[in-house]
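The structure appears right after this line, and notes come after that.
The values are calculated or read from the model by the stated rules, or taken from the named source; none is laboratory data. Quantities reported herein were computed from a predicted structural model and do not represent experimental measurements. A quick note on method: Cβ atoms are made from the backbone with ideal geometry, for glycine too, and the neighbour counts reach across all protein chains shown. Keep in mind that these areas ignore ligands, DNA and RNA; they rest on the heavy atoms of the full protein, side chains included. Shrake-Rupley method; radii C 1.70, N 1.55, O 1.52, S 1.80 Å.
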Amino acid sequence: VPKLFYFTQHSYSKNKKYFLNLISNKFKNLVAIRSSNIFEDNKKSSMAGYFYSSVNNNPKDKAKLQIEIDKVISSYDKYAHKKNLILIQEMVLNVSLSGVIFTSDLEEYSPYTTVDFVYGKDTTAVTSGSSINNKTLIFLNNKNLNIEDDKINKISKFVLEICKKSKNDFLDIEFAISKDNKIHLLQVRQIANKIKYNREMSENIYSALIRLGKKINKLQKPHHNLLGKTSFFGIMPDWNPAEMIGIKPRPLALSIYRELITNAVWANQRKSYGYRDLRSNQLMTTFLGTPYIDIRVDFNSWIPSSLNEKLAEKLTNFYLKKYKKNIHLHDKIEFGIIFTCFTLSTDNRLRELKKNNFSRSEILSIKKSLIEITNNSFKKYNDNIKSLEVLDKKFHQVSNSSMYYIDKIYWLVEDCKNYGTIAFAGLARCAFVAIDLLNSMVDKKIISENEKYEFLKSINTITSKISTDATNLKKSDFIEKYGHLRPNTYDICSVNYQEGYSLYFKKKTIRNRSVHSKNKFRFKNSQLSKINIILKKSKINLSAHELIKFIKESIESREYAKYKFTKNIDQILNLIKDLAKRNKISTEEISFIEIQSLLDLYYNLTNENVRNKLLDEIKKNRRIYEFNENIKLPHNILNSNDIFYYISNNTVGNFIGNNDIESDLINLEKFENQNLEEKIVFIESADPGYDFIFTKNIGGLITKFGGANSHMAIRCAELGIPAAIGIGEKLFENLKTKKRIKLNCKNSKIDIIV
């Protein structure tokens, strides 16, 4: 604990000279001057950062000391009290790391310690919020925790000791570690809270994590039906559950997503395009309420079926090794880690395999298989479009029929899988191929980065149509066309555009940048010629003109497919609401039901009362959900130790466009009718149900989750809106407290202004 001296404001005001002399005599090194107000750090509020503090003061400079002490006293202002103190604390020298520790989660008050820290000598970098490069260590508060990392273990013991000495488990601790590896305690204050610490909760979470750790160890072992030595788990790869349903989805949203996409649809689509058959494997697994993508299953699903087993095994292990070394690419694995199709720059990318002991013949086999996959994408495109036409027809047949709620729900789910999400998965694959091909044109210097974005701005997706129609259509016509969309597609508690029209589309706030006619981007003859040469040489069965047409249409069709199949989802959710109402169950309560339970009612008839059956499941699932809410898990799990303690990685966001904007931040946690014009909008998800924001002429967009090819990335590129998609939890939470930033897409930077 650094040397400390304190005195009352009242005493100091009577004899300033005396106290200034005392400080000068007591301290040799630089000092901090800190507040200790009687209204600070109580059970009701901490007032952290409310009062003035000053660091790096020379104790011999009495004039400066007096100025700084007076500033602290002035900051007390209306909180003046005769017991208010002034603290003088010796500065820690040779600091290598400093930060702030919260010994309890601030949202759920669950027994997790969060350590925000930054490397360097500035001990105020975290508390002042001046750094966006700080890291976050998270670990469970449990004396049985076995931490192998020495520094983390030292911090854990430091925290347990302070909690024990202070007899308080809700603490806010400022600390520093000097270059001699000593921990220095700078300040401790209690976290304002109204609940009692639940030690039993800590034990229950620890027991649950022990069981989860055993499960992870089993899942990471070699598997008879899978290539690859081991597996990892992430919340953002591939179908990106964090983006689409969140990291703690309620049972209904989670189960609908699983039923419509990650159970079988995803694997059926990939097999039909020429990848390995993974229909017996689950892509998504759930760990204590958090959905994860099984990385080994995912990587297996991208292996072309034409590759022999030995080469396929070797390629899968190469992917797994690269993923582990480049965890920051977890939201862009299709562009940065694996080979999913052939592009104009594939030959360059495949050179990496040569450096990793792949033979020339093996590389040629991989290249040939990727060409086959790409040609399959071109062939399958029209089949997916036709499938959407069937979906539309069946949607109206079921919706307009006299079938009972349960029957309609069953058939809307079946039709959505067979004609909707399967078509969307195919078109999404085509769109990934399209974006990959477009990026490869930049890599090969056929087009510039600016030309790429000009081309994307020439594309007309459903977003452009929504923006135009929000301005031009009558409310009734607009709702008929777009009323089924909602910001969180799978969440029954999310209000759709029909129910929330006045919330999302207040005419006075509509400032539409996309109503203007689109500029047509034309490739130069020299560019087309270069593309044709590569296509012909690589045996790609398209001309340059046909390829560009495919790129444009597949990007548009992917967004259109989402627009179409979400009609089924909206209708399913509306019917579930009607069923709940009939059984005197609220919408919030029914969100704890799993869709399979409702589907079972279609073909299983029992004498059990439906309402009682639903209420029993709601009660059970709510209890599990509320327990799981207290559990914090990392975005990526490489081994079972990660679930007990981990450092939250700063995700490198996907920056869209070459422009930059400095503006105020608007957090759309609640959908109020705010003026968003030229503001940088802040949302968690990259779900396309947030399309309403593009009717407000926003200046920029930042999302917590979302990949390089997510819906919002495509929309922002099309509209020319600077964006950072998928910046990750750490940076997102940091920016929540900021008022104004500069979003610099060209240099992939976010600068804090205020």
Among (1) modelled with pLDDT of 95 or more; (2) of a type in the set (A, V, I, L, M); (3) open to solvent by less than 40 Å² (accessible area, probe 1.4 Å), the one test that Leu364 misses: (3)
Filter segment 627-641 down to the residues that are open to solvent by less than 30 Å² (accessible area, probe 1.4 Å) and over 16 Å from the mean Cα position of the chain (by Cα), then identify the one that is farthest from Glu148 (Cα to Cα). Asn628
Conditions: (1) closer than 25 Å to Cys416 by Cβ; (2) at pLDDT 95 or above. Tyr603 meets all but one. Number of the miss? (2)
Can you tell me which residue within segment 141-189, out of those that are of a type in the set (A, V, I, L, M, F, W, C) and free of Cβ contacts under 8 Å to residues at least 60 places away in the same chain, is most open to solvent (accessible area, probe 1.4 Å)? Leu160
Boolean, Asn621 is in contact (Cβ under 8 Å) with a residue 12 or more places away in the chain, among the polar types (S, T, N, Q) and part of a loop (DSSP other than H, G, I, E, B): no
Scan Tyr501, Tyr453 and give me the residue that is touching a Gly at 6+ places or on another chain (Cβ under 8 Å), open to solvent by 10 Å² or more (accessible area, probe 1.4 Å), of a type outside the set (Val, Ile, Thr) and more than 27 Å from Ile656 (Cβ to Cβ). Tyr501
Specify the residue that is nearest to Leu668 (Cα to Cα); the eligible residues are those in segment 731-742 that are more than 18 Å from the chain's Cα centre (by Cα) and open to solvent by less than 70 Å² (accessible area, probe 1.4 Å). Lys738
Kindly provide the set of residues from segment 9-27 that are surrounded by fewer than 16 Cβ atoms within 10 Å (Cβ to Cβ) and not in a helix (DSSP H, G or I), ordered by number. Asn15
Can Tyr50 be described as in a helix (DSSP H, G or I) and under 30 Å from Val118 (Cα atoms)? no
Suppose we filter Lys475, Lys465 for residues that are within 30 Å of Leu579 (Cβ to Cβ), basic (Lys, Arg) and surrounded by fewer than 19 Cβ atoms within 10 Å (Cβ to Cβ); which single one remains? Lys475
Examine segment 66-75 for a residue that is closer than 28 Å to Ser166 by Cα and touching a residue at least 60 places away in the same chain (Cβ under 8 Å), and state whether such a residue exists. yes
Considering only segment 376-409, state which residues are among the hydroxyl-bearing types (Ser, Thr, Tyr), open to solvent by 40 Å² or more (accessible area, probe 1.4 Å) and part of a helix (DSSP H, G or I). Tyr405
Hits in segment 219-244 - residues which are outside any loop (DSSP other than H, G, I, E, B) and within 14 Å of Val297 (Cβ to Cβ): Leu219, Phe233, Gly234, Pro241
Scanning segment 715-730 for residues that are farther than 16 Å from Glu449 by Cβ, among the aliphatic types (A, V, I, L, M) and within 19 Å of the chain's Cα centre (by Cα) gives Ala724, Ile725, Ile727
Only residues that are within 20 Å of Pro241 (Cβ to Cβ) and surrounded by fewer than 22 Cβ atoms within 10 Å (Cβ to Cβ): list them for segment 267-283, please. Asn268, Arg279, Asn281, Gln282
With the condition kept exactly as written, say whether any residue in segment 190-208 is surrounded by fewer than 20 Cβ atoms within 10 Å (Cβ to Cβ), outside any strand (DSSP E or B) and under 25 Å from the mean Cα position of the chain (by Cα). yes
Subset tally (residues that are buried (at least 22 other Cβ atoms within 10 Å of the Cβ), touching a Lys or Arg at 6+ places or on another chain (Cβ under 8 Å) and farther than 18 Å from Ser377 by Cβ) for segment 292-315: 1
In segment 585-608, the residues that are free of Cβ contacts under 8 Å to residues at least 60 places away in the same chain and either within 20 Å of Arg250 (Cβ to Cβ) or open to solvent by less than 80 Å² (accessible area, probe 1.4 Å) (or both): Ile585, Ser586, Glu589, Ser597, Asp600
Subset of segment 321-342 [in contact (Cβ under 8 Å) with a residue 40 or more places away in the chain and open to solvent by 10 Å² or more (accessible area, probe 1.4 Å)]: Lys324, Ile327, His328, Asp331, Lys332, Glu334, Phe335
Flag if Leu252 is open to solvent by less than 40 Å² (accessible area, probe 1.4 Å) and within 25 Å of the chain's Cα centre (by Cα): yes
